[in-house]
Amino acid sequence: TAPGQLFEMEEIQVAGNTIRAWKHAPATFRALLETSRFHGEQTFVVYEDDRLTFEEHFRLAATLANRLVDDYGIRKGDRVAIAMRNYPEWIVAFSATLAAGAVAVPLNAWWTRPELEYGLSDSGAKLLIADGERAERLSGCELPTIVARADDANWAKVIGEVSPGVTLPDVEVGPDDPATIFYTSGTTGRSKGALGSHRNLGQAPMTVAYALMSSVALAGKDPAEAAAVRRVTLLTVPLFHTTGCFAVLMPTFFTGGQLALMYKWDPKRALELIEREKITTMSGVPTNAWQLLSHPDFGKHDISSLTAISYGGAPAPPKLLERITELLPNRTPGNGYGMTETTALAVYNSGRNYVAKPESIGLPAAVIDIKVCDPQGTEVPVGEVGELCIRGPIVIMGYWNRPDATAETFVNGWLHTGDLARLDDEGFVYIVDRAKDMVIRGGENVYCAEVEAAMFEHPAIDDAAVIGIPDDELGEQVGAVVRLKPGASASAEELQSFLTDRIAKFKVPVRIWFRETELPRNPGGKILKTHLRRETLGL
Ligand code: ATP
Ligand code: MG
């Protein structure tokens with residue numbers, strides 16, 4: 001395919017709906033894996049002192065895939081759970097599972113034993129591939145388990161000899177076959193298993209690659225020149241969420257770039273790695289970028305290799321862009337919106353668009369259709385708030401084992417995101433809040449994100465979250481939980497009067513709780529409101 005034709009699109013039928021898709025995207029993971037061999041001896045993954053080339057990765061994955069089939073009886077469609085930190089073995093386990101035709105089920109490595117057990121039983125996993133720490137956490141678990149990063153070298157024993165001529169096991173897999181079950185973040189309730197197809201997995205890296213290319217152009221740089229520099233990406237988020245796996249790992253794999261892994265996010269270590277590995281691209285959640293720029297060692301490392309910094313998965317404060325422009329001039333900043341149900345990013349804002357509209361998440365990706373609807377499903381006029389709905393080849397098949405939730409969320413090929421948004425007259429999307437993160441006070445909607453943004457302007461506030469307090473008369477009242485900066489002080493009255501100057505009276509929290517401990521957040525940095533409500537209100 002000539003480079004100009006790489007991003008050709010075509011119309012396809014998925015579950016009875018006609019959608020646009022990338023014509024030359026890999027049809028299945030196996031196609032992607034085979035293609036990756038073109039990058040042969042180039043380094044693919046770096047972790048501490050371990051380095052894995054594309055060819056080494058292929059051979060390890062193919063060997064493990066054969067073991068899964070021959071020694072563990074894994075068949076097409078079986079679920080294989082992966083419970084590990086960001087080790088290279090995570091990537092090998094993921095690739096091997098898919099190459100064997102099975103469904104990979106990445107579990108949240110931060111989960112406690114009961115949560116991990118929920119993931120294993122909910123997915124009906126037949127095999128677990130874990131790191132030593134997760135295996136220990138699940139000790140006594142009856143599921144057959146392969147353990148990496150453990151004293152007994154179980155991983156190496158299972159893999160055994162790796163032959164240079166190894167081939168993939170013989171399994172027929174098509175684009176409509178299930179490939180992955182990723183659990184949603186659990187911000188609004190219990191995590192749901194998002195069932196993704198091989199098509200989703202092949203279309204996602206193309207969507208990201210196209211977004212990267214257009215971001216370079218929007219930043220006023222020459223895409224051809226930028227493409228000539230091999231991308232070295234720092235992964236700052238867990239692989240077990242879709243941002244890490246589909247928005248960072250898979251595009252790296254697809255484009256032949258290099259990925260530097262971190263066991264856990266640490267801004268100081270990130271600065272060292274950017275210098276050591278000559279990182280060109282950093283991708284993660286907004287908090288990562290913010291903490292990197294605010295670190296006391298920020299000026300002490302040579303980070304001139306860094307040309308792009310992007311984030312997504314959570315609202316990015318417009319101040320972040322200001323900081324990037326100030327501290328990292330001439331870099332390409334980007335904000336991507338996506339959710340577990342859209343595999344990778346679906347809407348993004350970058351370059352001059354982002355500078356012009358820092359509060360927007362930007363425009364839909366090339367293969368994505370969007371609409372903003374009222375609760376009846378009718379499109380609302382431009383400028384009005386409604387639920388953001390998304391259609392395209394990266395929208396997942398549905399929720400695993402949850403026909404009711406699937407029917408509610410996926411309607412005629414449209415994903416109902418649960419996010420409230422509005423469009424401007426140029427089609428830019430603005431996320432207002434989550435439908436579930438709204439306090440309805442006497443019929444008046446109060447968007448928690450808006451109140452929180454106003455609270456963050458107060459100099460004494462370190463962290464804040466707004467929650468609804470049940471109220472007999474109004475249905476709900478606005479409440480807030482606040483953590484002050486060390487040594488700072490402020491009374492509830494003071495904060496309330498500060499807010500009264502900024503937002504309408506009915507939005508000002510009537511009760512403010514102060515806490516010393518950190519607010520409950522998930523690994524992606526999102527506040528877990530359900531936990532917070534339970535802890536604060538006993539609900
Ligand atoms: P659950 O669905 O289990 O309650 P969750 O929705 O937090 O949890 P994810 O799929 O990890 O799980 O997150 C997707 C959500 O993250 C989106 O619905 C949106 O609310 C938010 N989000 C993602 N990207 C952005 C962004 N760039 N700006 C603002 N919000 C974002
Ligand atoms: Mg969600």
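Every number in this text was worked out from the coordinates using simple rules, so none of it is lab data. The shown structure was predicted, so the numbers you read here are calculated from the model rather than taken from an experiment. For neighbour counting, all protein chains shown are included, and Cβ atoms are generated from backbone atoms with ideal geometry for every residue, glycine included.
Numerical summary
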quantity: Nearest 10 degrees, 0 to 90: helix 318-327 Cα axis against the chain principal axis; calculated: 60 degrees
quantity: Radius 12 Å from Cβ of residue 503, net charge of other residues (Lys, Arg +1; Asp, Glu -1); calculated: -1
quantity: By average C-beta atoms within 10 angstrom, highest first, the peptides 72-79, 239-246, 140-147; calculated: 239-246, 72-79, 140-147
quantity: Summed residue charge, Cβ within 12 Å of residue 161's Cβ, Lys/Arg positive, Asp/Glu negative; calculated: +3
quantity: Which of 500, 394, 411, positive extreme of dipole for the range 383-508 (C-beta unit charges); calculated: 394
quantity: Between 0 and 90°, nearest 10: helix 267-277 axis offset from the chain longest Cα axis; calculated: 40 degrees
quantity: Net charge over other residues, Cβ less than 9 angstrom from the Cβ of residue 126 (K, R count +1; D, E count -1); calculated: +1
quantity: Separation between Cα centres of the range 306-340 and the range 5-43, rounded to whole Å; calculated: 27 Å
quantity: Shape category assigned to the range 1-95 from the gyration tensor of Cα positions, a/c cut at 1.5; calculated: oblate
quantity: Angle between the chain longest axis and helix 113-123 axis [Cα atoms, degrees, rounded to 10]; calculated: 60 degrees
quantity: Part-to-part distance (alpha-carbon centres) for the range 279-294 and the range 94-172, which is given in Å; calculated: 30 Å
